[in-house]
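What follows is a single structure, written as structure tokens, with notes after it.
Derivation of every value follows stated rules applied to the coordinates shown; laboratory data play no part. It should be emphasised that the depicted structure is a prediction, and the values quoted were computed from it without experimental measurement. With ideal geometry, Cβ positions are generated from the backbone for all residues, glycine too; neighbour counts draw on all protein chains shown.
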Amino acid sequence: MTEVKAKVIKSNTVILHTASLFLLPLQLLFSMFLLLRGHDEPGGGFIAGLVAAGAFVLYLFAHGVDSTRKILRVEPHDLIGAGLLFGVISALPAIFFGQALLTAQWWSFYLVGTEVKLSTVLLFDLGVYLVVMGSILTIVMSLNEAEE
Amino acid sequence: MRLEVILPIFIPLIAGTLSVVVWRSTFYQRWIAVLGTAALLASGLWLLSAVRAEGHVVMQMGNWQAPFGITIVADTLSAVMAVLTGLMGLVVAIYSLGSIPASHERFGYYPLMHLLLAGVAGSFLTGDLFNLYVWFEVMLLASFALLTLGGERAQMEGAIKYVTLNLFSSAIFLSSIGLMYGMVGTLNMADIADKLSEVEHTGMVNVLAVMFMVAFGIKAAAFPLFFWLPASYHTPRVAVSALFAGLLTKVGIYALYRMFTLIFNGDVAYTHTILLWSAGFTMVTGVLGAAAQFEFRRILAFHSVSQIGYMILGLALYTPLALIGGLFYVIHHSLVKTCLFLISGLVYRLTGTYELKELGEVYRHRPGIAILFLIAALSLAGIPPLSGFFAKFIIVRAGLEIGAYTLTGIALAVGLLTLFSMIKIWAEVFWKAAPEGMDMERLKAPVNDSHGRFMLTGIGILIAGILLLGFWGQPVIELFEVMAEQLMNPEGYIEAVLGGEQ
């Protein structure tokens, strides 16, 4: 399938082609790291979303829109929708504890001896992550398709 | 924890988000549009009843206490505006079902509409100056997109003026916020009002007052920076124009009312005199501009400018009665102007044009629509016993009471010119013989599809509102008396925010 697309994407080289296959999982892993690190240190949903989008954009340059869609499995539009939904939902739990809307809720528990902190803040960050990634992929993919 | 005060912001956000989630199906988006705006109206009414019972409803977002966190606060004015947002949203959502083409729906018309409503409701309910700026931007973002949806040449031209002027206004607004923060060290509006009375540099306070006046004046389309409105409001789909004319300019008016009763009430002789003359010029230029126009929607757009003058006049006279009149005018104008825009859309659907020259004889074939137009048009001109009469009557009386004869005279003369413009539309569109080349078959053909019914339902709700406001205005006026009382005595607002209950 990549051979078909290779005609369309002119800048395709063997090096980029192969490198993007290795870089994609690495970049995605790094974006996850940034997302979780954003809890207490520099990082967070926005920059993590940019890195994740960057990973897929690189793959798109090497392999074309169709195969990117295939590995993405979902429409970028849906990522935006899901992200917004997470963001809105993160405001709600406070209501059930009788606090003002958007008050952050924290839950921590121990998993194999490490403290795991979950919070509505993380949910919100995840929402930002998905919206940023979805928006950029929507833009890049539609530009690419318009070119074709 | 007061849920009712945040719901008018939160409901459109949820509705917009859900519309994005189901972006593949316009069917669900349409349902969400109607249900979401209906829920918005219901939450507005809930908020209004809570405010009537207690005076102020306050919520500190994220449990960060004022003046450090963001306060969401509703007094009677905010609550009434929230109800208005819900009503306009519902009417326009219903009307959109019958008038927005499928291509626009696919390009995110409904999510943008919800986003716009969230921005408007946020502006009405926030008690934080910077947060107000954020809601303004949310609103503008959505309105830019709605304005250009469809991508016609005229739309782009209108949008460029709209975007430029509004960004300019945002820049002034933001710099004023910066200066304000530098002076009093707080952004919470109640806290600013509290601290500003102790500040020494009264000269700087007046400079800031004028800067805010310019920023909000541009958004409200007041003289002299109003020309973006007639350049852009007639270009998008008529449902969008109606939403803009009914709600968007009112946000600027609301911000002026809030700032110049709560914060800048120290040197009324200076600030409110400027407002007074700005109001006068706005009324005159708007109505004269309208008299020169021969396109249905352009006349309506110019008239919006002229009517904005009345609302600012109410604030500028700065007596309880004048505030009642000005705010009554806001409500009245939202209903009437939205209604007129929606009717122009219906006429367009029947005839395929907005040009007065190419129209005629609508009354003979569609007397029902003509009557609906006449009710709204006469109300706009201020003919008793419709809502516009009482709105104008209160303002004029307030003007005479404090001896502002010149401006009262201007207001009355402008009312007459408004009547002239409305009669012009009536004569050209509904009365005169059909011109050559008008598609009479289309006009005569029976309209009995669901689209027409949706459009008529939207118009019907507004007409009912106009009649109700005219014939059963007493409870509304009583509510507005409480509102004016609160605005003239901002101590209650300040105490509610800063000394607040939880």
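Quick look at the values:
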read-out: Dipole of the protein assembly as shown [Lys/Arg +1, Asp/Glu -1 at C-beta], most positive-end residue of A:THR18, B:LEU419, B:LEU116; value: B:LEU419
read-out: Candidates per GluC sites (Glu not before Pro) in segment B:357-436, loop by DSSP, up to 12 other Cβ within 10 Å; value: B:GLU436
read-out: Point-to-point label distance, B:PHE168-B:MET204, nm (Cα→Cβ direction, 7 Å offset); value: 2.8
read-out: Only Lys, Arg (+1) and Asp, Glu (-1) charged, at Cβ; chain A dipole about Cα centre in debye; value: 200
read-out: Other protein chain Cβ atoms within 10 Å, averaged over every residue that makes up A:78-85; value: 5
read-out: Within-12-Å neighbourhood charge of A:LEU34 [Cβ basis; K, R +1; D, E -1]; value: -1
read-out: Sum of side-chain charges, B:LEU45 neighbourhood, beta-carbon under 13 Å (Lys, Arg +1; Asp, Glu -1); value: 0
read-out: Three-way shape call for the protein assembly as shown based on the alpha-carbon gyration tensor, with the a/c threshold at 1.5; value: oblate
read-out: For segment B:198-225 and segment B:138-175, distance of Cα centres in Å; value: 22
read-out: Nearby aspartates and glutamates by direct alpha-carbon distance to B:LYS219 (threshold 18 angstrom, same-chain neighbours under 8 apart not counted); value: B:GLU137
read-out: Projected area averaged over orientations for segment B:269-471, convex hull of C-alpha atoms, nm²; value: 10.8
read-out: Spin-label model distance (nm) - A:LEU92 vs B:ALA464, 7 Å beyond Cα toward Cβ; value: 3.1
read-out: Residue order, fewest to most beta carbons within 10 Å, for B:SER170, B:SER99; value: B:SER170, B:SER99
read-out: Entries in B:LYS337/B:LYS424; B:LYS392/B:LYS432; B:LYS161/B:LYS424 that, when Cα-Cα distance is taken, lie over 20 Å; value: B:LYS392/B:LYS432; B:LYS161/B:LYS424
read-out: Modelled FRET efficiency - R0 51 Å, A:ASP66 with B:PHE68, Cβ distances, 0.05 increments; value: 0.50
read-out: Net +/- balance of residues flanking B:LEU356 in space, Cβ distance below 15 Å, scoring K and R +1, D and E -1; value: -1
read-out: Extension gain, B:LEU3 back to B:GLU485 (0.36 nm per residue minus Cα-Cα distance, nm); value: 171.0 nm
read-out: Shielding by partners - mean other protein chain Cβ count within 10 Å, residues of B:322-328; value: 0
read-out: Share of pairwise Cα separations in segment B:1-105, more than 20 Å, in percent; value: 46
read-out: Computed FRET value (nearest 0.05) for B:PHE27 with A:SER142, which takes r as the C-beta separation and R₀ as 25 Å; value: 0.55
read-out: Isotropically averaged projected area of chain B, using the convex hull of Cα atoms (one quarter of hull area), nm²; value: 21.2
read-out: Shielding score for A:90-103, defined as the mean number of other chain Cβ atoms within 10 Å; value: 5
read-out: Among B:VAL91, B:LEU125, B:SER43 - extreme Cα towards positive end, dipole of chain B, charges at beta-carbon; value: B:VAL91
read-out: Model label zone, B:ILE160; criterion: amide N under 20 Å from point 7 Å along Cα-to-beta-carbon; scope segment B:208-243; value: B:226-237
read-out: Distance between segment B:261-340 and segment B:380-404 - C-alpha centres, whole angstrom; value: 12
read-out: Rounded FRET efficiency, nearest 0.05, which uses the C-beta distance separating B:THR319 from B:LYS195 and R0 of 25 Å; value: 0.40
